[in-house]
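**Student:** Got a structure for you, written out below as structure tokens; questions coming shortly.
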Amino acid sequence: MSTTHDEYAWLDELNPQQREAVTYGDGPLLVVAGAGTGKTKTLAYRVAYLISQGMDPSRILLLTFTRRAAQEMLRRASGIVTRGTPGTGRVWGGTFHAIANRLLRLYHESAGLRQDFTVMDQGDAEDLLNLIRHDLGLHKMEKRFPRKRTCLSIYSRCVNASEDLELVLQSEYPWCQEWKDELRELFKLYVTRKQENNVLDFDDLLLYWVHLLSTPALATEISGRFDYVLVDEYQDTNRMQAQILGGMCTEHDNIMVVGDDAQSIYRFRGATVRNMLDFPKQFAGTTVLTLEQNYRSVMPILDTANLLISEAEDQYTKELWSERSSQQRPKLVTCKDEGEQDEFLIERILQHYEEGIPLKEQAVLFRAAYLSTSLELELTRHNIPYHKYGGLKFMEAAHVKDLIAILRLLENPRDEMAWFRVLLLMDGIGPSTAAKILDHVLANGGDPQAIGSFKAPPAARDELRAFTQMIEDLLPMGINEPAIQIERIRKFYDSLLKKTYDNASVRVRDLVSLEQIASGYASRRKFLVDLQLDPPSATADLAGPPSRDEDYLILSTIHSAKGCEWDVVYLIHATDGFLPSDMSAGSEEELEEERRLAYVALTRARDFLYVSRPLRYYHRWYGLSSPHSYMQLCRFFSRHVVPSMETVNLSRQQPRRNDMESFSEPPMDISERIRQMWDDGEVPV
Ligand code: ATP
Ligand code: MG
């Protein structure tokens with residue numbers, strides 16, 4: 001097609017290979033390309049292209065790794081679609097789990113589900129497994145039965161990798177092999193219990209989708225809803241997701257996936273890069289395209305990244321190259337300890353800020369969420385606002401979970417875990433009374449108001465009465481206006497919160513934030529599902545895109561930095577033990593995944609890259625005889641890689657100068673902004 005035609009002038013923003021992918025006709029297409037070569041951009045442009053060609057947006061399915069990614073791609077696509085054609089609003093965009101949820105609400109009857117099913121997050125799933133473990137008496141075994149988290153990982157691994165329990169135990173959890181029969185029994189009961197409770201865990205969402213598609217008539221119906229299926233980050237999908245895509249292409253084979261095998265970093269969750277390698281086998285007639293030019297990074301950064309990945313066991317042939325040059329090589333910074341690393345970071349962040357790079361264009365990356373604790377304290381001390389992605393989620397906080405549990409039991413009165421969570425907060429109610437209350441509710445047709453007629457122990461009466469009153473106030477609202485519902489719940493929950501947790505005022509603020517987030521939703525169900533499926537790492541994350549003049553530094557685990565890019569990237573704690581993580585240094589395969597993780601971190605940077613390593617680390621929680629240990633440089637920065645970097649040794653520079661000496665104060669609006677992060681204007685001390 002001619003790109004000179006005005007209507008398609010935007011196609012000229014693409015290189016010839018990208019254009020070929022964007023304007024590709026029907027049939028399966030696999031784009032294998034390195035970091036920053038425009039895979040995601042190509043997908044976004046393809047959405048725009050299809051719509052401009054007159055395709056119905058609601059018949060396009062775009063699967064991404066996070067909700068943020070889907071929103072961003074659709075925003076991008078809507079900016080370029082030809083005027084006069086429909087926008088991207090009706091495109092089905094989201095994560096596999098979110099799309100599964102949407103489809104299961106539509107086809108719940110065929111799936112044997114009630115439409116009001118609720119979704120359990122990982123914590124709830126673990127708790128339910130724990131409960132059943134107790135019921136089975138497995139916790140009393142002489143030899144220790146696997147922990148609840150391990151049980152869930154094993155279960156999840158079997159489901160996601162579509163592998164038999166015996167095989168999974170053999171290859172991944174050999175120390176649990178002796179419990180094979182008990183685990184099978186546990187998982188069987190776990191499944192029944194979820195079904196009785198009308199709840200699905202994350203894995204179920206995909207599993208039910210696979211099962212729907214395995215019925216030919218339903219596969220025809222469901223895959224017939226879409227004409228085009230597009231998938232980003234294909235290297236990190238699991239077997240079940242590949243199976244789903246197969247089913248979604250029953251009625252057509254217009255499937256386009258993009259990925260980079262050198263960036264596969266979710267093996268631990270059952271993802272397999274085989275999906276990408278096997279794609280041409282799974283979809284006959286696949287065209288394979290590659291993109292070669294990196295548009296993201298300056299060449300010295302790519303030199304270091306290329307060297308690092310060239311030492312991988314699996315050879316990835318894509319050498320990244322870019323037309324963007326720079327005099328500056330990536331810096332490898334050796335610091336005496338974490339304190340010096342923090343000082344260095346703050347100095348550099350402010351320096352780049354003063355040179356005109358907003359905080360939002362700078363990101364500090366680390367292997368594990370706890371590695372930023374000390375930096376966070378320093379940032380707060382310096383009034384530098386930041387957002388953190390990955391790690392402990394807002395949704396994992398106990399008080400947030402309590403409030404969500406109340407919403408969940410209103411939504412689905414069979415949700416046992418939600419009931420237990422709330423009832424056990426009340427005086428005079430232990431697990432056996434809670435179970436009786438739940439039975440009573442179920443015996444009354446699942447009507448939560450039935451609590452009013454339950455003969456409660458005297459100690460529990462007042463709180464149960466207040467609870468019943470709240471339920472009576474809320475039920476008439478149905479699933480509408482979740483924010484008003486939360487306001488009412490907060491009134492009830494306030495006294496429970498104060499007696500259960502310390503630090504109540506901070507926690508109340510979280511709940512107010514939750515209420516504010518909910519005010520953007522008309523439906524309680526949609527609100528709950530969004531929260532459960534793609535939990536915000538900070539309240540700001542769900543509140544929609546930040547206003548344009550809001551500025552904050554990004555802190556992120558490397559896993560959560562996937563697909564993103566920033567002008568400046570600081571990879572911190574680049575030491576063996578943290579990267580590779582000593583939890584993942586057991587096998588060659590795990591080590592290789594850690595190497596790819598380092599590669600992902602480096603390839604996020606556009607202009608400046610800093611890799612820092614403290615020589616000494618203070619282990620806060622380990623209870624070691626000496627809490628300090630000396631750390632080796634991350635092994636992936638080998639003697640072949642380091643010469644491509646500029647090495648800076650702060651630990652030898654004596655005396656150290658004051659961290660702020662050479663800097664003027666940052667503009668005052670930073671402190672103003674940090675105040676704005678808290679709604680009532682208070683800054684945490
Ligand atoms: P990753 O592997 O990290 O997910 P990717 O291959 O998806 O990377 P994109 O994020 O799509 O790459 O693109 C990287 C950057 O390069 C983006 O800023 C994008 O706008 C830019 N870019 C991509 N293609 C072009 C092009 N043809 N001309 C100019 N800039 C481009
Ligand atoms: Mg991408």
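Each reported figure results from applying straightforward, stated rules to the coordinates on display, with no laboratory input. This is a predicted model, so every value here is computed, not measured. Here the Cβ positions follow ideal geometry from the backbone for every residue, glycine too, while neighbour counts run over all protein chains shown.
**Student:** Rg over Rh of the chain, using C-alpha atoms and the Kirkwood radius, what does it come to?
**Tutor:** 0.96
**Student:** Enumerate the residues in region 139-153 having an amide nitrogen under 13 Å from the point lying 7 Å beyond the Cα of Q170 toward its Cβ.
**Tutor:** none
**Student:** Shifting gears a bit: At what distance in nm do the modelled label points of S519 and A398 sit from each other, each positioned 7 Å from its Cα along Cα→Cβ?
**Tutor:** So the two model labels end up 2.9 nm from each other.
**Student:** Moving on to the next point. At a Förster distance of 41 Å, what's the computed FRET efficiency of T85 paired with V288, Cβ-Cβ distance as r, to 0.05?
**Tutor:** Values: r = 30 Å, r/R0 = 0.73.
Result of the calculation: an efficiency of 0.85.
**Student:** Rounded to the nearest 0.05, what FRET efficiency do T500 and S629 have when you use their Cβ-Cβ distance and R0 = 41 Å?
**Tutor:** Computed FRET efficiency for T500 and S629: 0.65.
**Student:** Compute the distance in nm between two label points, each set 7 Å from the Cα along the Cα-to-Cβ direction, one at R269 and one at Q115.
**Tutor:** Calculated label separation equals 3.0 nm.
**Student:** On to the next question. So, in Å, what gap is there between the alpha-carbon centers of region 344-385 and region 108-134?
**Tutor:** Measuring centre to centre over Cα atoms gives 39 Å.
**Student:** If each residue's Cβ is checked for other Cβ atoms within 10 Å, how do Y24, Y618 rank with the fewest at the top?
**Tutor:** Ascending Cβ contact count within 10 Å gives the list Y618, Y24.
**Student:** Translational D (Stokes-Einstein, µm²/s) of region 88-140 at 25 °C and 0.890 mPa s when Rh comes from the Kirkwood sum over C-alpha pairs? Don't skip to the end; give the middle numbers.
**Tutor:** Details: Rh = 13.7 Å.
Estimated diffusion coefficient is 179 µm²/s.
**Student:** Amide H of L553: which non-local residues (sequence gap of 5 or more, or other chain) have their own amide H closer than 5 Å, using H built in the peptide plane?
**Tutor:** Placed amide hydrogens put Y386, H387 under 5 Å from L553.
**Student:** Mind ranking 597-606, 63-72, 171-180 by how tightly packed they are, going by the mean number of other C-beta atoms within 10 angstrom, highest first?
**Tutor:** The densest-packed peptide leads the list: 597-606, 63-72, 171-180.
**Student:** Beta carbons within 10 angstrom, averaged per residue: use that to sort the peptides 126-136, 431-441, highest first.
**Tutor:** 126-136, 431-441
**Student:** Compute the FRET efficiency between S162 and R105 as 1/(1 + (r/R0)^6), taking r as their Cβ-Cβ distance and R0 = 35 Å, and round to the nearest 0.05.
**Tutor:** Result of the calculation: an efficiency of 0.90.
**Student:** Now a separate question. Suppose a student asked you for the relative contact order of the chain, using Cα pairs under 8 Å spaced at least 6 residues apart; what percent would you report?
**Tutor:** That works out to 18 percent.
**Student:** For the chain, what does -39500 (n - 2.57) per DSSP helix run (n ≥ 4), summed and divided by total residues, give at 222 nm, in deg cm²/dmol to the nearest 500? Spell out each step's value before the answer.
**Tutor:** On the way: 25 runs with 296 residues, N = 685.
Mean residue ellipticity, 222 nm, calculated: -13500 deg cm²/dmol.
**Student:** Can you tell me, using C-alpha contacts under 8 Å and at least 6 residues apart, the relative contact order of region 395-536 as a whole percent?
**Tutor:** Averaging sequence separation for qualifying contacts and normalising by length gives 27 percent for region 395-536.
**Student:** Give the relative contact order (percent, whole number) for region 118-197; include only Cα pairs under 8 Å separated by 6+ residues.
**Tutor:** Averaging sequence separation for qualifying contacts and normalising by length gives 30 percent for region 118-197.
**Student:** Which length gain, in nm to one decimal place, applies between D510 and K526 when the Cα-Cα distance is subtracted from 0.36 nm times their residue separation?
**Tutor:** Going from the current span to full extension adds 3.8 nm.
**Student:** Which GluC sites (Glu not before Pro) does region 281-313 hold that lie in a coil by DSSP with at most 10 other beta carbons within 10 Å?
**Tutor:** Answer in residue order: E313.
**Student:** Follow-up. Assuming a ≥ b ≥ c are the square roots of the Cα gyration tensor eigenvalues, decide whether region 241-298 counts as rounded (a/c under 1.5), prolate (otherwise, with a/b larger than b/c) or oblate. Could the numbers behind the result be given before it?
**Tutor:** Details: a/c = 2.45, a/b = 1.36, b/c = 1.80.
In terms of gyration-tensor shape, oblate.
**Student:** I've got another one for you. Whole-Hz ³J(HN,Hα) for each residue in region 477-488, computed from phi via Karplus 6.51 cos²θ - 1.76 cosθ + 1.60 with θ = phi - 60°, x for glycine and proline: what do you get?
**Tutor:** 6, x, 9, 8, 6, x, 5, 5, 5, 5, 4, 5
**Student:** Take each of the peptides 333-340, 467-474, average the number of other beta-carbon atoms within 10 Å over its residues, and list them starting from the highest. Before the final figure, lay out each step's value.
**Tutor:** Numbers: 333-340: 19.6, 467-474: 17.9.
In descending order of packing, they fall as 333-340, 467-474.
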